[in-house]
Amino acid sequence: MIIVQYILAILPTILLALLIYRADRYEREKWLPLTLCFVLGLIITFPVLKIQQAAYHWGLDDTSKWPFALFTAFILVSCSEEIFKFLALVIFPYRQSFFNDPMDGIVYSVMIGMGFATLENLLYAFQFDIPTTALRGLTAVPVHAICATIMGYYVSKAKFNPDPKKHNTLMFYGLGSAIFVHGLYDFFILQEIYDGLILLAIVTLLISLVFAARMFKEDQVESSAYWKNKNQPPE
């Protein structure tokens, strides 16, 4: 049963990572940088958990009142996780020569996010039962993938935007949007004020999924146009 639980913890993240990899139609990334990004996602889980554990030790995880629930969801959880993912994306793949396609922001961002979600899921599987692990695979893992897609979309926009004045703004949109979506979802999950509010977590998940899918499709179109123009002979 333990093995089944660990498989349930790992399988959703691996499947989503493969889905994003195969959806990159025009110049699929090499396995080495993809694997390094996935491993980087695993590594950043440790400092994030240290921060969160310290906060819990100080009693900063009270979710019985809405101001504390907001703090826990947006600052303690969302900010700590999304900032580390953002730093991993910007410090490593963003600066490399293989980040050369409008789709690359999403691809590498999702790999980092799925690395993070894999270790997080395994730790939950170690503490909780199979239904909890399976539920996280259907909810928490997609949230990580959605936030990674939104973040990667804006980071790619910054990378390929010819106007340097818009660079920092687009980066801020990427990080800020990921923090907002993740924090809003977690608030509805964590709050203990009214049980019915948990339904809004599903609404948040579905709405953000629609936006992330549109961003993904847009980057696919831009990637196609980018490589067609790049492969045309000069006049």
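Only the coordinates and a few stated rules stand behind these numbers; no lab work does. Because the structure is predicted, anything quoted here is derived from the model rather than measured. Reconstructed Cβ throughout: ideal geometry from the backbone, glycine too, with neighbour counts over all protein chains shown.
Side notes on the structure shown:
- Charge dipole (the chain, unit charges on Cβ, about Cα centre) - positive-most of ALA178, PHE128, ALA73: ALA178
- Applying 1/(1 + (r/R0)^6) with R0 = 30 Å to the Cβ-Cβ distance of LEU138 and ASN229 gives a FRET efficiency near 0.15.
- Stokes-Einstein D for the chain, Kirkwood Rh over Cα pairs, 4 °C, 1.567 mPa s (µm²/s): 71
- Using C-alpha pairs below 8 Å separated by at least 6 residues, the relative contact order for the stretch 75-177 is 32 percent.
- Relative contact order of the chain, pairs being alpha-carbon contacts under 8 Å that are 6 or more residues apart, as %: 28
- Qualifying GluC sites (Glu not before Pro) in the stretch 173-227, where qualification requires a DSSP coil assignment and no more than 13 other C-beta atoms within 10 Å, comprise GLU192.
- Dipole magnitude for the stretch 61-107: about 80 debye, using +1 per Lys or Arg Cβ and -1 per Asp or Glu Cβ, origin at the Cα centre.
- The 3J(HN,Hα) values that the Karplus relation (6.51, -1.76, 1.60; θ = phi - 60°) gives for the stretch 125-141 are, in residue order, 4, 5, 9, 10, 8, 4, x, 5, 5, 5, 5, 4, x, 8, 10, 5, 5 Hz. Gly and Pro appear as x.
- Karplus (6.51, -1.76, 1.60) ³J(HN,Hα), θ = phi - 60°, over the stretch 9-22, in Hz, Gly and Pro reported as x: 6, 8, 4, x, 5, 5, 5, 5, 4, 5, 4, 5, 4, 6
- Working note: Karplus 6.51/-1.76/1.60 with θ = phi - 60° gives the stretch 198-208 the couplings 5, 5, 5, 5, 5, 4, 4, 4, 5, 5, 5 Hz, where Gly and Pro are set to x.
- Peptide ranges 163-172, 120-129 listed from the most packed, as the mean C-beta count within 10 angstrom indicates: 120-129, 163-172
- Rounded to the nearest 20 debye, dipole of the chain from Cβ charges on Lys, Arg, Asp, Glu: 580
- Most fluctuating residue given options ILE43, ILE14, ILE207, as computed from a GNM of the chain linking Cα atoms under 10 Å: ILE207
- Lysine pairs with alpha-carbon atoms under 29 Å apart, the stretch 2-220, spacing 8 or more or separate chains: 18
- Dipole in debye (nearest 20) - the stretch 15-106, about Cα centre, beta carbon charges: Lys, Arg +1; Asp, Glu -1: 140
- GNM top mover of VAL39, VAL210, VAL141 - the chain, alpha-carbon springs below 10 Å: VAL210
- In this structure the amide hydrogen of ASN100, modeled in the peptide plane, comes within under 5 Å of no amide hydrogen from residues 5 or more places off or on another chain.
- Taking trypsin sites (Lys or Arg not before Pro) across the stretch 4-105, the ones in a DSSP loop with at most 12 further Cβ atoms lying within 10 angstrom of their Cβ are ARG25, LYS30, LYS65.
- When the chain is treated as a Gaussian network with alpha carbon springs shorter than 10 Å, the biggest mean-square fluctuation among ALA213, ALA148, ALA140 belongs to ALA213.
- Simple spin-label estimate for ILE193 and ARG22 in nanometres, 7 Å along Cα-Cβ: 4.2
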